[in-house]
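This report refers to the structure that appears directly beneath it.
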Amino acid sequence: MTLGRQLIAGITGAFIALLLGIETIYVFNARDSLEKQLDAHANETATSLALSLGARVATLDASLVNIMVNPVFDRGHFESIEVSAPNGERVFGRRLEGPEIDVPRWFVVLVPLEGPRGEALISSGWRQLGKVAVRVHPQYAYRQLFDTALATLAWLALLFALALAAMRSYLAGILRPLHRIEQAAVAISNRDFVHIDTEPRTSELQQVTRAINSLSAKIREAIAQEADRAERLRKEAFEDPLTGQMNRRGFEQSVSAFLAETGEIHSGALALFALSGLEEVNRIFGLSRGNEIVKKLADTLGVPGTQRSAIVGRWQGPTLVAFVPNAEPASAVAWADGICKVFADQLRADGLPASTTVSSGVAHFSARQVSLMQLAVSAEGALADVARIGGSAVSAPRTGGQSPATNLQQEIEKAIAGNRIALLGQKVFSIPGNDVLQMEILSSLTGSDGKAIAAGSFVPVASQHGLLPLLDQKVIEQAVAAMGRIASLPRAISVNVSMQSISNAGFRSALRDLLTSDRHAAGRLVFEVTGYAASRSPELTRGFSDELHGLGAGVALDNFDLDRNSMATVHRLLPAHIKLAPAFTQQIAAREDLRFIVEAMVRMLRPLEIPLIAQSVEDPSTVAILAELGLAAYQGYAGGRPAPLDTA
């Protein structure tokens, strides 16, 4: 119960007790007053009858007494009137038979009221004739007392209602700042370090508000400092100071991480852009002019356009590189040709020598795994073919034999329809302690020939042909069923979900129905979205995260790479955990700059209570380095290979 309701309940109880007390005192005082009035009335009536009888009769004759007493008795205010002789012999008497009291029985029991008795002597001169006794009936007194009690109760109830309304309004004004403090406390517990703008007038609440604001400001400042430090280290390690784009090392690391995201990238192109004739420009106009041309080309490549998601970097010297995910060969070459033509026109317009040209070589891949080195070799070969004449050329990287994409697509569709999906689990271990924190669910398909189809083969094809929503749905359904069937599974279970699925209304609806029907399983599930997808579709990811939080599930970032948007994504999403891209783990032992960056990330994420997890940890000796850097957990062959859920 809220504090406001507790106060209202307490005040209501006090008011009700006060109301009942006032009502009781008033009713009993009214009863006492009525009893005195009735007593006086009984004595006055008895005295009046005694005087009347003594003045009119010499002896007590029952007939004469009856004539004089009956009119008084018939008025109905009396329970009985009796006239007796001096020796006590009853001369005359009237009694109201079966008197009814026109008030509730409980009122009569709670407020007893006896009819008072009045007596007077009947005398004629100096001779005593007898005695008259009058007892008043309390029914009219009860009626008046009950009506008075109801009227008093009604006025007191009205006064209570008005006082309660005024008190509620008054308390609302007092508790409104407290409600803002409560909201701030809840936000802070949810890792949103807000500031309370309006200070309450109450001195105690002012101190609490100032303490909360001070705490939030200090935590925000600490997070901002660590985020700035991590960003500064990232720029020093991965950005080219001349162009402001990635240097070769940063480009290689980012693109390698993206190529590993087979669920988000099913095709793409690597384009190399080479500037020729810069030696003559540097000789005529100076080195700064040559640097300016390189910078302009980098800016042109980085301008959002048809290929708005291109990743741009400096390859070497006057050669720049761009990676375009999920692009068809024709569109990638057309984009590269457009860049070359537009930039060549700029060079001519700037009055630069005709020998200053730009050319590009494009390497394209589709629906299969490929390495950055393979793409780079093919792009360099294509670039060499056109370097002398300018323009663009496209080449496909050479890889081992591949199954035709059409046949593989059919195999995937049949495997999904036949529910030939096998689930594997790989555990995540804490640092230190080596305790099992969670398990990531992985999947594989079984072909028509009974052989397993590797995820690296079927996921890009499934992504290209829009099959990921159905595949992800089947995997999640099987995972939920396994969670209810296998008691040995860790409590926290993580499942990968693609952006293609998140943007699919049918998948979202089926997932909501599934989690709503099994809230216990929902509370154990964490859905991992790649950092690449989350940073490029922030609003969609945030909406998905809010929807899952409402159902009890969580969202985390997988394959997280440090780019310009990554830190902002973390602050917007506040994920359950973050898994570093394998490229970090593979190089963290050899590169000190990476260790500095990861350590800064850990310090930034600690106030946000976001665990940082290393992936693809294959060497147990790497775990010690991760512990020194403050990482929360690791996943990889060092902790165990993926295994069927029954044996994982």
- Note to self: with every protein chain in place and a 1.4 Å probe, segment 530-593 gives an accessible area per residue in Å² of 33
- Please list, or write none, the lysines whose alpha carbon is within less than 17 Å of the alpha carbon of Lys474, excluding same-chain residues fewer than 8 places away. Lys414
- Accessible area of segment 112-209 divided out per residue, in Å², using a probe of 1.4 angstrom: 61
- DSSP-loop GluC sites (Glu not before Pro) across segment 9-94, with at most 12 other Cβ within 10 angstrom: Glu89
- Task: Could you provide, to the nearest whole Å², the per residue accessible area of segment 402-527 with probe 1.4 Å?
- Result: 43
- Task: Leaving ligands, DNA and RNA out of it, work out the accessible area of Met167 with a 1.4 Å probe and give it in Å² to the nearest 10.
- Result: 60
- Given Cα pairs under 8 Å that are at least 6 residues apart, what percent is the relative contact order of the chain? 10
- Note on the structure: Of the accessible area of the chain, computed with a 1.4 Å probe and all protein chains kept, carbon and sulfur make up a percent value of 54
- Message: What do you get for the angle between helix 139-189 and the principal long axis of the chain? Use alpha-carbon atoms, 0 to 90 degrees, nearest ten.
- Response: 20
- Sorted by accessible surface (1.4 Å probe, heavy atoms of the protein chains only), largest first, Trp155, Trp335, Trp126, Trp315 come out as Trp126, Trp155, Trp335, Trp315
- Message: With only alpha-carbon atoms in the gyration tensor, what are the semi-axes of the equivalent ellipsoid for segment 25-154, in Å, largest first?
- Response: 34, 14, 11
- By the scheme Lys and Arg +1, Asp and Glu -1, what is the net charge of all other residues having a beta-carbon under 15 Å from that of Ser448? 0
- Task: Any chance you could give the angle, 0 to 90 degrees and rounded to 10, that helix 468-485 forms with the longest Cα principal axis of the chain?
- Result: 60
- Message: Sequence gap at least 6, Cα distance under 8 Å: using those rules, report the relative contact order of segment 3-95 to the nearest whole percent.
- Response: 16
- Item | Alpha-carbon radius of gyration plus Dmax, which is the widest Cα pair, for segment 441-484 in Å | 11.3, 33
- Message: Just to confirm the filter: which trypsin sites (Lys or Arg not before Pro) across segment 473-560 are DSSP coil and have at most 16 other Cβ within 10 angstrom of their Cβ?
- Response: Arg491
- Query: So for Tyr637, Tyr170, what's the accessible-area order with a 1.4 Å probe, most first?
  - Reply: Tyr170, Tyr637
- Query: In degrees between 0 and 90, to the nearest 10, how far off the longest principal axis of the chain does helix 372-386 point, with axes built from Cα atoms?
  - Reply: 50
- Task: Determine the relative contact order of segment 490-608: mean sequence separation of Cα pairs under 8 Å and six or more apart, normalised by residue count, in whole percent.
- Result: 21
- Item | Anchor Lys451: aspartates and glutamates whose Cα lies under 16 Å away (excluding residues fewer than 8 positions away in-chain) | Glu411, Glu413
- Message: Run the helix sum for the chain: -39,500 (n - 2.57) per DSSP H stretch of 4+ residues, divided by residue count, reported at 222 nm to the nearest 500 deg cm²/dmol.
- Response: -18000 deg cm²/dmol
- Task: At a Cα cut-off below 20 Å, give the lysines reachable from Lys579, other chains included and same-chain residues fewer than 8 away excluded.
- Result: Lys427
- Kirkwood Rh, segment 459-526, all Cα pairs: how many Å? 12.6
- So for the chain: antiparallel DSSP bridges make up what percent, rounded to the nearest 5? 70
- Task: Two decimals is fine: what's Rg over Rh for segment 426-546, C-alpha atoms, Kirkwood radius as Rh?
- Result: 0.97
- Message: So if I take the centroid of the Cα atoms in segment 192-225 and the same for segment 122-164, what is the distance between those two points in Å?
- Response: 66
- Two-decimal log10 I(q)/I(0) for segment 534-607, as the Debye equation yields it once each C-alpha is a single scatterer, q = 0.11, 0.16, 0.17 Å⁻¹: -0.31, -0.61, -0.68
- Out of these labelled values of P(r) over Cα pairs in 10 Å bins from 0, in percent, (i) 3, 9, 9, 8, 9, 8, 7, 6, 7, 7, 6, 7, 8, 5, 2, 0, 0; (ii) 3, 15, 21, 20, 16, 11, 7, 4, 2, 1, 0; (iii) 3, 12, 15, 15, 11, 8, 6, 5, 5, 5, 5, 5, 3, 2, 1, 0, which was calculated from the coordinates shown here? (iii)
- Message: For a quick check of your reading of the filter: which trypsin sites (Lys or Arg not before Pro) in segment 299-354 sit in a DSSP loop and have no more than 15 other Cβ atoms within 10 Å?
- Response: Arg308
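The values are calculated or read from the model by the stated rules, or taken from the named source; none is laboratory data. Since the model is a prediction, treat every value here as computed from it, not as a measurement. As a convention, Cβ positions derive from the backbone with ideal geometry for all residues, glycine included, and neighbour counts pool all protein chains shown. These area figures cover heavy atoms from the full protein model, side chains too; ligands, DNA and RNA do not enter into them. Shrake-Rupley method; radii C 1.70, N 1.55, O 1.52, S 1.80 Å.
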